[in-house]
Amino acid sequence: MLADTVHVAREARDSAVPDSASASYLAGFAPSLPTRRASKMSFSVIGARSIAMTVDRRALETSLRQGGVSGVTLPSSLDGTTLAIETPAGIRTESGNCPNDQRTLTDQIAQRPPPSTDNGDCVIFEQRPVATAQVPQGLDMQQLAGLAVEVAGMSPNQARDFQQIFPWDASLALTMPRFMRSYEVVQVNGRPAMLLNTAGRRGPSYELLWTASGRVYSLIGYGSSGDAVSLAESIH
């Protein structure tokens, strides 16, 4: 929506680590962990990413009009400015019998790999600080984030609910599933969250998303979505 090309200044690879302490050292923060899961957890660090793009004002105005945002005239001073976004490193844990796939979790969710019938106890938990950005004056990031989730497949009502829960800096740090059957707004420890039901023949059956204390959280399960909130509330 902003530019013809994106310059990726840094894209660290995901890396498996032996324990929580190693994950904390590499990611730069101590992870919260679910206490309800009795099975052994594996840890990995999700790589940090830095990107930059040069704003094309006309292209952005066209994207806004096509997205249903009328009467928008962006300042000419925006043209040629740079938007830089830094997505910090995150921490991923897996417990239960999760699909043995060598691709990244992002690729797994996007491509929906076929699990075996005994993956029902698999739970994947991701956490990372919200994104930071150097935003040119006159660029409405919350508006752009709302348009982006609509382009990604959400209805206007879904996008409105999503943005009431997630400000733009949190939404940029989330990994969204490619397919969603339905959603509901729920509460995790008194905070609003969004439970996405992705149940199908392939891949995870749900993803629970929320934000707290400057971090975003994603709980992905292959079992019943009815267990998602109680499991999330056990995380400390």
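Give me the residue from the range 60-82 that is in a loop (DSSP other than H, G, I, E, B) and not small (G, A, S) and, out of that set, nearest to A131 (Cα to Cα). Lay out the reasoning, then the answer.
Taking the range 60-82 and keeping what is in a loop (DSSP other than H, G, I, E, B), we get 67-75, 79-81.
Pick out the ones that are also not small (G, A, S) and you get 69, 72-75, 79, 81.
On the way: V69: 25, V72: 26, T73: 27, L74: 24, P75: 25, D79: 23, T81: 19 Å.
By that ranking, first place goes to T81.
For the range 167-225, give me each residue that is among the aromatic types (F, W, Y) and either under 17 Å from the mean Cα position of the chain (by Cα) or within 17 Å of Q127 (Cβ to Cβ) (or both).
Once the filter is applied, which keeps residues that are among the aromatic types (F, W, Y) and either under 17 Å from the mean Cα position of the chain (by Cα) or within 17 Å of Q127 (Cβ to Cβ) (or both), the range 167-225 yields W168, F179, Y183, Y206, W210, Y217.
So, in the range 177-234, of the ones that are without any contact (Cβ under 8 Å) to a residue 24 or more places away in the chain and part of a helix (DSSP H, G or I), which residue ends up surrounded by the fewest Cβ atoms within 10 Å (Cβ to Cβ)?
G226
Run down Q127, Q134 and say which single residue is surrounded by fewer than 19 Cβ atoms within 10 Å (Cβ to Cβ) and at pLDDT 90 or above.
Working: Q127 fails: surrounded by fewer than 19 Cβ atoms within 10 Å (Cβ to Cβ).
Unique residue meeting the criteria: Q134.
Out of A159, A148, A170, I need the residue that is within 21 Å of A89 (Cα to Cα), of a type in the set (A, V, I, L, M, F, W, C) and in a helix (DSSP H, G or I). Which one? Show your work before the answer.
Details: A159 fails: within 21 Å of A89 (Cα to Cα); A148 fails: within 21 Å of A89 (Cα to Cα).
Exactly one residue qualifies, and that residue is A170.
Please enumerate the residues belonging to the range 31-48 that are among the β-branched types (V, I, T) and surrounded by 14 or more Cβ atoms within 10 Å (Cβ to Cβ).
Within the range 31-48, V45, I46 qualify.
Tell me, yes or no, whether the range 20-30 has at least one residue that is surrounded by 15 or more Cβ atoms within 10 Å (Cβ to Cβ), in contact with a helix residue (DSSP H, G or I) (Cβ under 8 Å, 6 or more places away or on another chain) and touching a residue at least 12 places away in the same chain (Cβ under 8 Å).
No, every residue in the range 20-30 fails to be surrounded by 15 or more Cβ atoms within 10 Å (Cβ to Cβ), in contact with a helix residue (DSSP H, G or I) (Cβ under 8 Å, 6 or more places away or on another chain) and touching a residue at least 12 places away in the same chain (Cβ under 8 Å).
Of the residues I51, I85, only one is farther than 18 Å from G146 by Cα and either basic (K, R) or assigned to a strand (DSSP E or B) (or both); which?
Details: I85 fails: farther than 18 Å from G146 by Cα.
Result: I51 is the single residue among I51, I85 that is farther than 18 Å from G146 by Cα and either basic (K, R) or assigned to a strand (DSSP E or B) (or both).
The values are calculated or read from the model by the stated rules, or taken from the named source; none is laboratory data. These numbers come from a predicted model, not from an experiment. Glycine also receives a Cβ, built like all others from the backbone with ideal geometry; neighbour counts cover every protein chain displayed.
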